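J.: I'd like to ask you about the structure that follows.
The values are calculated or read from the model by the stated rules, or taken from the named source; none is laboratory data. The shown structure was predicted, so the numbers you read here are calculated from the model rather than taken from an experiment. Here the Cβ positions follow ideal geometry from the backbone for every residue, glycine too, while neighbour counts run over all protein chains shown.
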């Protein structure tokens, strides 16, 4: 397996990622073109994600002969930009730029592409599914379907942004009120009312998720089926938003890589 830092541009911003490529014994002849999966992290997350779950999943995919790209959205991790200036259209643009970058990589089969998204990254992934119709498979972990409800729940945690007008201090993160307003008004399910989705989609959600309740995934299941997608919802008993146990982490990663292995 080969793991290489990569850089690409999204709307002029430098986006940083890690590319995982499957090992290949050249004595067997030229390497075949591999499927590729792009990972979308959550709010305040990064390309590693909680308990290195993205790293572990990407390595497991590479061991199965599937390339994987993990990257930081603008303003997060190692990528350019200021987190406080984050906006929803910019995140979608970053996701699509990552897919475009992955599609052009040598040794990749652009007809066999998939995505993994966690939490807000699951919402971004769903938004991408509605427009990137060539995607073959997707796995969404604890995906946000109703951002407005989450923003309402967070309002009690907001404090003033200090000396920065128009900002919110959200647990030490400086977030613009403009972003929170825009995020609250985002309705990802509506995109599937006019879109036709052919990807095979696995939704994984904990039934004890108090951050993004499991009902969000049930609503995605219904919306995606209405758009023509083949969908499976796997509810993890006793799991919270980030799954939060060694056994649950293992089961989530195995379910993810097995789904992508079968459908790419």
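J.: State the number of residues belonging to segment 171-207 that are modelled with pLDDT of 85 or more and over 16 Å from residue 227 (Cβ atoms). Steps first, answer last, please.
T.: So in segment 171-207, the residues modelled with pLDDT of 85 or more come out as 172-207.
Filter once more, keeping what is over 16 Å from residue 227 (Cβ atoms): 172-186, 204-207.
Number of matching residues: 19.
J.: Does segment 249-257 include one or more residues that are assigned to a helix (DSSP H, G or I), modelled with pLDDT of 90 or more, touching a strand residue (DSSP E or B) at 6+ places or on another chain (Cβ under 6 Å) and under 30 Å from residue 83 (Cβ atoms)?
T.: Yes; the residues of segment 249-257 include at least one that is assigned to a helix (DSSP H, G or I), modelled with pLDDT of 90 or more, touching a strand residue (DSSP E or B) at 6+ places or on another chain (Cβ under 6 Å) and under 30 Å from residue 83 (Cβ atoms).
Each row is one residue, and each column tells you yes or no for (1) over 16 Å from residue 260 (Cβ atoms); (2) touching a residue at least 12 places away in the same chain (Cβ under 8 Å).
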residue	(1), (2)
6	yes, yes
14	yes, yes
36	no, yes
40	no, yes
52	yes, no
85	yes, yes
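J.: Let me ask something else about it. Of the residues that make up segment 87-95, is at least one under 25 Å from residue 258 (Cβ atoms) and surrounded by 22 or more Cβ atoms within 10 Å (Cβ to Cβ)?
T.: We begin by selecting, within segment 87-95, every residue under 25 Å from residue 258 (Cβ atoms); these are 95.
Now restrict to residues that are surrounded by 22 or more Cβ atoms within 10 Å (Cβ to Cβ): 95.
Scanning segment 87-95 turns up at least one residue that is under 25 Å from residue 258 (Cβ atoms) and surrounded by 22 or more Cβ atoms within 10 Å (Cβ to Cβ).
J.: Can you confirm whether segment 110-125 contains a residue that is over 21 Å from residue 196 (Cα atoms), surrounded by fewer than 20 Cβ atoms within 10 Å (Cβ to Cβ), in contact (Cβ under 8 Å) with a residue 24 or more places away in the chain and within 18 Å of the chain's Cα centre (by Cα)?
T.: Looking for residues that are over 21 Å from residue 196 (Cα atoms), surrounded by fewer than 20 Cβ atoms within 10 Å (Cβ to Cβ), in contact (Cβ under 8 Å) with a residue 24 or more places away in the chain and within 18 Å of the chain's Cα centre (by Cα), one finds none in segment 110-125, hence no.
J.: Which residues, counting only those in segment 24-58, are under 30 Å from residue 87 (Cα atoms) and assigned to a helix (DSSP H, G or I)?
T.: 50, 51, 52, 53, 54, 55, 56, 57, 58
J.: Let me ask something else. Go through segment 61-88 and give me each residue that's under 20 Å from residue 110 (Cα atoms), assigned to a helix (DSSP H, G or I) and touching a helix residue (DSSP H, G or I) at 6+ places or on another chain (Cβ under 6 Å). Give the derivation first.
T.: The initial filter retains those residues of segment 61-88 that are under 20 Å from residue 110 (Cα atoms), namely 61-71.
Right, trim to assigned to a helix (DSSP H, G or I) and you get 61-63.
Across segment 61-88, the qualifying residue is only 61.
J.: Quick one: count up the residues across segment 188-212 that are assigned to a helix (DSSP H, G or I) and buried (at least 23 other Cβ atoms within 10 Å of the Cβ). Can you show your working first?
T.: Taking segment 188-212 and keeping what is assigned to a helix (DSSP H, G or I), we get 188-193.
Now restrict to residues that are buried (at least 23 other Cβ atoms within 10 Å of the Cβ): 188.
Total meeting the criteria: 1.
J.: A further question on this structure: Any chance you could count how many residues in segment 17-31 are in contact (Cβ under 8 Å) with a residue 60 or more places away in the chain and surrounded by fewer than 18 Cβ atoms within 10 Å (Cβ to Cβ)?
T.: Summing the residues that are in contact (Cβ under 8 Å) with a residue 60 or more places away in the chain and surrounded by fewer than 18 Cβ atoms within 10 Å (Cβ to Cβ) in segment 17-31 gives 1.
J.: On to the next question. Is there any pair with a first residue in segment 132-153 that is touching a residue at least 60 places away in the same chain (Cβ under 8 Å) and on the phi > 0 side of the Ramachandran plot and a second that is outside any strand (DSSP E or B) and surrounded by 15 or more Cβ atoms within 10 Å (Cβ to Cβ) whose Cβ atoms are under 6 Å apart and which are 6 or more apart or on different chains, and what are they?
T.: Taking only residues 6 or more apart or on different chains, the pairs are 142/119; 142/209; 142/212; 142/241.
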